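Student: My structure is below; once you've seen it, I'll send some questions.
The values are calculated or read from the model by the stated rules, or taken from the named source; none is laboratory data. From a predicted model like this one, the values you see are computed outputs, not experimental measurements. Positions of Cβ are generated from backbone atoms using ideal geometry, with glycine treated the same way; all protein chains shown enter the neighbour counts. Ligands, DNA and RNA are excluded from the accessible area calculation, which covers all protein heavy atoms including side chains. Shrake-Rupley method; radii C 1.70, N 1.55, O 1.52, S 1.80 Å.
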Amino acid sequence: QVQLVESGGGLVQVGDSLRLSCAASGGTVSNYFVGWFRQAPGKEREFVAGISWTGRQISYADSLKGRFTISRDVTESAVVLQMNSLKSEDTAVYYCAASAMDWAQAGNEYRYWGQGTQVTVSS
């Protein structure tokens, strides 16, 4: 059973950066497409970004292109979400998830989910 663990969340100021990491335990996600989602209070969960383990397939939510970057950390076997120029509306719980489908963007296409990490952007 693959378990995903997110880390790196916290409280930051508007304009700051954060680096979130998603690591797998109990198995490997080397054959999975790994995505990041977020859910703000009172809002639906939304897709943020996703990457294949080879790194050849990468997708982003259109609204976040240019500020967020997803990548693989091969040395730590993790998927990283670098978030820059953070805005108050980026406040949410961020989840990583693994899908057997490349380019997956819908939550129901993902099989494994982490517990989430809170990101709070204060103005």
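Student: Among the numbered criteria (1) open to solvent by less than 50 Å² (accessible area, probe 1.4 Å); (2) aromatic (Phe, Trp, Tyr); (3) over 13 Å from the mean Cα position of the chain (by Cα), which one does TRP103 miss?
Tutor: Of (1) open to solvent by less than 50 Å² (accessible area, probe 1.4 Å); (2) aromatic (Phe, Trp, Tyr); (3) over 13 Å from the mean Cα position of the chain (by Cα), only one is false for TRP103: (1).
Student: Looking at this structure, is SER123 open to solvent by 40 Å² or more (accessible area, probe 1.4 Å), touching a strand residue (DSSP E or B) at 6+ places or on another chain (Cβ under 9 Å), touching a residue at least 24 places away in the same chain (Cβ under 8 Å) and farther than 18 Å from GLN13 by Cα? Break it down stepwise before answering.
Tutor: Details: open to solvent by 40 Å² or more (accessible area, probe 1.4 Å): yes; touching a strand residue (DSSP E or B) at 6+ places or on another chain (Cβ under 9 Å): yes; touching a residue at least 24 places away in the same chain (Cβ under 8 Å): yes; farther than 18 Å from GLN13 by Cα: no.
For SER123, the condition - open to solvent by 40 Å² or more (accessible area, probe 1.4 Å), touching a strand residue (DSSP E or B) at 6+ places or on another chain (Cβ under 9 Å), touching a residue at least 24 places away in the same chain (Cβ under 8 Å) and farther than 18 Å from GLN13 by Cα - is not met.
Student: Follow-up. Please determine whether any residue of the range 78-90 is open to solvent by 30 Å² or more (accessible area, probe 1.4 Å) and more than 22 Å from GLN13 (Cβ to Cβ). Can you show your working first?
Tutor: Narrowing the range 78-90 to residues open to solvent by 30 Å² or more (accessible area, probe 1.4 Å): 82, 84-85, 87-89.
Now drop any that are not more than 22 Å from GLN13 (Cβ to Cβ), which leaves none.
No, every residue in the range 78-90 fails to be open to solvent by 30 Å² or more (accessible area, probe 1.4 Å) and more than 22 Å from GLN13 (Cβ to Cβ).
Student: So, in the range 35-60, of the ones that are at pLDDT below 95 and surrounded by 15 or more Cβ atoms within 10 Å (Cβ to Cβ), which residue ends up farthest from ALA106 (Cα to Cα)?
Tutor: TRP53
Student: Output the residues belonging to the range 6-26 that are at positive phi and modelled with pLDDT under 90.
Tutor: GLY26
Student: Confirm whether SER85 is at pLDDT below 95, of a type outside the set (Lys, Arg) and either touching an Asp or Glu at 6+ places or on another chain (Cβ under 6 Å) or on the phi > 0 side of the Ramachandran plot (or both). Give the derivation first.
Tutor: Working: at pLDDT below 95: no; of a type outside the set (Lys, Arg): yes; either touching an Asp or Glu at 6+ places or on another chain (Cβ under 6 Å) or on the phi > 0 side of the Ramachandran plot (or both): yes.
In short, no.
Student: One residue is enough: does the range 96-118 have a residue meeting the conditions at positive phi, free of Cβ contacts under 8 Å to residues at least 40 places away in the same chain, among the small types (Gly, Ala, Ser) and out of contact with any His (no Cβ under 6 Å at 6 or more places or on another chain)? Spell out how you get there, then give the answer.
Tutor: Taking the range 96-118 first, the residues at positive phi are 103, 116.
Among the residues that remain, those that are also free of Cβ contacts under 8 Å to residues at least 40 places away in the same chain are: none.
So far as the range 96-118 goes, no, none of its residues is at positive phi, free of Cβ contacts under 8 Å to residues at least 40 places away in the same chain, among the small types (Gly, Ala, Ser) and out of contact with any His (no Cβ under 6 Å at 6 or more places or on another chain).
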